1. On the basis of being closer than 22 Å to Ile213 by Cα and touching a residue at least 60 places away in the same chain (Cβ under 8 Å), does Phe147 make the cut?
2. Filter region 33-42 for residues that are closer than 22 Å to Val164 by Cα and either among the aromatic types (Phe, Trp, Tyr) or in a helix (DSSP H, G or I) (or both) and give the result.
3. With the condition being farther than 23 Å from Val126 by Cβ and touching a residue at least 60 places away in the same chain (Cβ under 8 Å), I'd like the helices (runs of 4 or more DSSP H) fully within region 159-244 carrying at least 3 qualifying residues.
4. Only one of Glu182, Glu212, Glu187 is modelled with pLDDT of 95 or more and either farther than 30 Å from Val42 by Cα or hydroxyl-bearing (Ser, Thr, Tyr) (or both). Can you tell me which?
5. Which of the residues that make up region 1-32 are in contact with a strand residue (DSSP E or B) (Cβ under 9 Å, 6 or more places away or on another chain) and either surrounded by 18 or more Cβ atoms within 10 Å (Cβ to Cβ) or not in a loop (DSSP other than H, G, I, E, B) (or both)?
6. Identify all residues within region 193-215 that are acidic (Asp, Glu) and under 16 Å from Ala144 (Cα atoms); write none if there are none.
7. Can you tell me which condition Val151 does not meet? The list is (1) farther than 30 Å from Ala228 by Cβ; (2) among the β-branched types (Val, Ile, Thr); (3) surrounded by fewer than 20 Cβ atoms within 10 Å (Cβ to Cβ), and all the others hold.
8. Quick one: count up the residues across region 108-131 that are in contact (Cβ under 8 Å) with a residue 40 or more places away in the chain and not aromatic (Phe, Trp, Tyr).
Amino acid sequence: MTQDLHWKTGITSVEPNKVRLRGYPIDELMGKITFSQAIYLVLKGELPSPEVGKLLDAIFVSSVDHGAGPPSVLTARTVASTGAELHAAIAAGVLAISRLHGGAIEEGMRLFQAISQRAEEMKITVEDAAKAVLSEMRARGERASGFGHRVHTQDPRTERLFAVAEDLKLAGRHVRIARIVESIFREGGKPLPINVDGAIAALLCDLGIPAEIGNAFFIISRVPGLVAHIQEEKMRMKPMRKIHPSDHAYDGPGEREVP
């Protein structure tokens with residue numbers, strides 16, 4: 001029996017002297033759209049509006065790095081310390097991103113979508129739907145991803161992302177649901193502010209991004225930060241060192257104003 005090896009892709013067409021991304025000549029896109037818009041195009045299949053591109057820019061900036069302590073950074077620096085090549089250290093850092101580190105975006109998206117769907121199916125308010133969904137999660141011993149933070153009592157990136165979305169008129173139903181969940185926690189005596197992952201989750205829902213690729217936005221954002229840590233490890237540190245997860249100090253530039 002002959003196996004059919006012919007298969008199709010709808011992402012990129014490559015011919016001699018011609019490359020088309022989702023139908024658009026990639027050389028014509030260059031200089032006309034931003035990298036964030038190109039990411040949206042390759043993932044969603046259509047060019048986003050300039051406003052969506054600006055919001056994605058803000059999302060990617062928000063998570064480009066979060067210090068030397070996160071597991072992905074420690075893993076990348078440890079592998080870099082062995083003398084491994086750049087790609088191996090990056091891959092190691094990315095592989096450390098999972099449900100408990102960087103994986104909250106997908107879970108947050110599924111939570112907000114579940115609340116929205118419950119409200120529509122039961123014909124109840126999103127407030128009542130949120131209370132019901134959260135109550136069921138508590139009964140199962142599940143936590144709500146995207147809320148609370150091990151460092152911040154009020155994640156400074158959250159309000160900025162929501163403000164950008166409001167200015168661009170892109171904050172919608174799921175941002176409202178995230179706010180409602182936050183207020184339910186606060187009223188219940190356990191303040192759990194929305195963290196950056198929760199904010200990104202709500203915004204990606206409002207942009208129509210599928211939840212199953214939500215964590216990709218964290219990975220895409222964080223890779224440049226990993227590269228910076230890997231390069232610093234190779235340039236400043238001795239090889240094969242024992243890396244303590246918290247015994248480090250920042251010695252970079254002092255606080256600077258954004259121009």
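1. no
2. Scanning region 33-42 gives Phe35, Ser36, Gln37, Ala38, Ile39, Tyr40, Leu41.
3. Passing ranges, in order: 214-236.
4. Just a single option satisfies the conditions, and that option is Glu182.
5. Thr12, Ser13, Val14, Lys18, Val19, Arg20, Leu21, Arg22, Pro25, Ile26, Asp27, Leu29
6. Listed by number, the list holds a single entry, Asp197.
7. The number of the failed condition is (1).
8. So the answer is 11.
The values are calculated or read from the model by the stated rules, or taken from the named source; none is laboratory data. Keep in mind it's a predicted model, so treat the numbers as computed, not measured. Neighbour counts run over all protein chains shown; Cβ positions are idealised from the backbone, glycine included.
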